[in-house]
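For reference, the structure is listed below as structure tokens.
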Amino acid sequence: MDTFRKYIHADHSDQKEQPDWGIKVLDVGHYVHPVNTVYPDSKHPEGYFFEWDKGRVLAEYQLVYIASGTGVFEAEKLGKVDIQPGTLFFLYPGIWHRFKPDTNIGWTEYWVGFEGSYASHLMKQECFNPERPLIQMGFNAEFINIFIQLIDTIRFGGAGSNQLAACLTIQLLGLVYASALLKAQSNSRKTQLINNIKYSIHENLNTNISPEELAAKHNVSYAWFRKAFKEITGKSPGQYQLNLKIQKAGKMLKETDLSIAEVAFQNGFESEYYFSRIFKSKMLLSPSKYRNHS
């Protein structure tokens, strides 16, 4: 697809009276930014061009989709964030921001600027937050096809082009909205499932139930379970389970008269020697010294 950009409200020939669809498209574009060149290029009109050191504040909403390449994004109340292919970010009216592709890689971007009553209503929904303006869309063929239709609509004009552009922009925002909701629901289900498995670990501390068995018990693959568990807890399932056993064993050493061998057995360790070695590596004291340490 050829590169294209148009700033509609800067072209007075397009400023005709039209029905209020709740969204008015102000600018749209598709650009392939090559390596080792200054970003953004100087062809943007006043109010859109910016220097990296100063950044920019817009008076409109913009949706920007990075189809390929990498770079960085930074906005008010948000530190510098790496941008990967498939990342979408929103620019909000009155919010300072700046972004650019990696000089050695470049990127391909699509964008649409818009305003209107429905736009303002939609952008106030919970999943659209100026403090969290990035959404990982990945490759979405339907999303890109609608963007191409939007660009062609503005490029070739014709009767009803402004209204059609508004409809296509609403479709884009609808897809982003649905993607954000699905991601939130998926993360919620993931967290709930991992919490259920954490409960199972606590309930089975005195056994040798393996992470693989825990995954099977909850009808998920071990590969998914291990990745999701570490993502949410910061630890692998095995390490989480082992840490809990060591904590429980330490409490038993302090609060009971059970022998070290009995403490090891009740916490599912295969031998006193193995238990003592693991305990010392975690607590920096042998079980006997830990028991007598005030």
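The values are calculated or read from the model by the stated rules, or taken from the named source; none is laboratory data. Computed from a prediction, not measured in an experiment: that's the story for all the values here. Here Cβ is always computed from backbone atoms with ideal geometry, including for glycine, and neighbour counts include all displayed protein chains. Surface areas here come from the heavy atoms of the whole protein model, side chains and all, with no ligands, DNA or RNA. Shrake-Rupley method; radii C 1.70, N 1.55, O 1.52, S 1.80 Å.
Mean sequence separation of contacting Cα pairs (under 8 Å, at least six apart), scaled by the length of region 171-294, corresponds to a relative contact order of 20 percent.
Out of every Cα-Cα pair that the chain contains, those further apart than 27 angstrom amount to 57 percent.
Quick check for you: with a 1.4 Å probe and neighbouring chains kept, what is the accessible area per residue of the chain, in Å²? Before the final figure, lay out the partial values.
Numbers: 15920 Å² over 294 residues.
Per residue, the chain has 54 Å² of solvent-accessible surface.
Normalised size of region 2-133, defined as Cα radius of gyration per 2.2 N^0.38 Å with N residues, equals 1.06. Couplings 3J(HN,Hα) of region 193-201, computed from phi: 5, 5, 5, 5, 5, 4, 5, 4, 4 Hz, in residue order, whole Hz [Karplus 6.51 cos²θ - 1.76 cosθ + 1.60, θ = phi - 60°; x for Gly and Pro].
Would you work out the relative contact order for region 25-155, in percent, from Cα pairs under 8 angstrom that are 6 or more residues apart? Intermediate results must be reported in sequence, preceding the final value.
Values: 238 pairs, mean separation 42.6, N = 131.
Value for region 25-155: 33 percent.
One Cα centroid belongs to region 103-134, the other to region 200-216; the line between them spans 44 Å. Our coupling estimate for region 254-265, obtained by passing each phi through the Karplus curve with A = 6.51, B = -1.76, C = 1.60 and θ = phi - 60°, is 7, 10, 10, 9, 4, 5, 4, 5, 5, 4, 4, 5 Hz, Gly and Pro reported as x.
Under 18 Å of direct C-alpha separation, and excluding same-chain neighbours fewer than eight residues apart, Lys24 reaches these aspartates and glutamates: Asp11, Asp14, Glu60, Glu115, Asp152. For Leu26, the residues whose modelled amide H falls within less than 5 Å of its own, excluding neighbours fewer than 5 places apart on the same chain, are Gly113, Phe114, Glu115.
Ordered from longest to shortest, the equivalent ellipsoid semi-axes for region 189-250 are 18, 12, 10 Å, each the square root of 5 times a Cα gyration tensor eigenvalue.
Please report the carbon-and-sulfur percent of the accessible area for the chain; probe 1.4 Å, protein heavy atoms only, DNA, RNA and ligands left out. Each step should come with its number before you reach the end.
Values: 8170 of 15920 Å².
In the chain, the share of accessible area belonging to carbon and sulfur is 51 percent.
Per residue, the average separation of C-alpha pairs within less than 8 Å and at least 6 apart gives the chain a relative contact order of 15 percent. For Val72, the residues 5 or more places off, or on other chains, whose built amide H falls under 5 Å of its own are Ile83, Lys100, Asp102. Dipole size of the chain about its Cα centre, with +1 on Lys/Arg Cβ and -1 on Asp/Glu Cβ: approximately 1480 debye, rounded to the nearest 20. Taking amide hydrogens as placed 1.01 Å from N in the peptide plane, the amide H of Ile105 sits under 5 Å from those of Asn36, each at least 5 positions away in sequence or on another chain. Residue-wise HN-Hα couplings along region 209-215, as the Karplus relation 6.51 cos²θ - 1.76 cosθ + 1.60 with θ = phi - 60° gives them from phi, are 4, 8, x, 4, 5, 5, 4 Hz; Gly and Pro carry x. Ranking Glu272, Glu60, Glu126 by solvent-accessible area of protein heavy atoms (1.4 Å probe, all protein chains present), from largest to smallest, gives Glu126, Glu272, Glu60.
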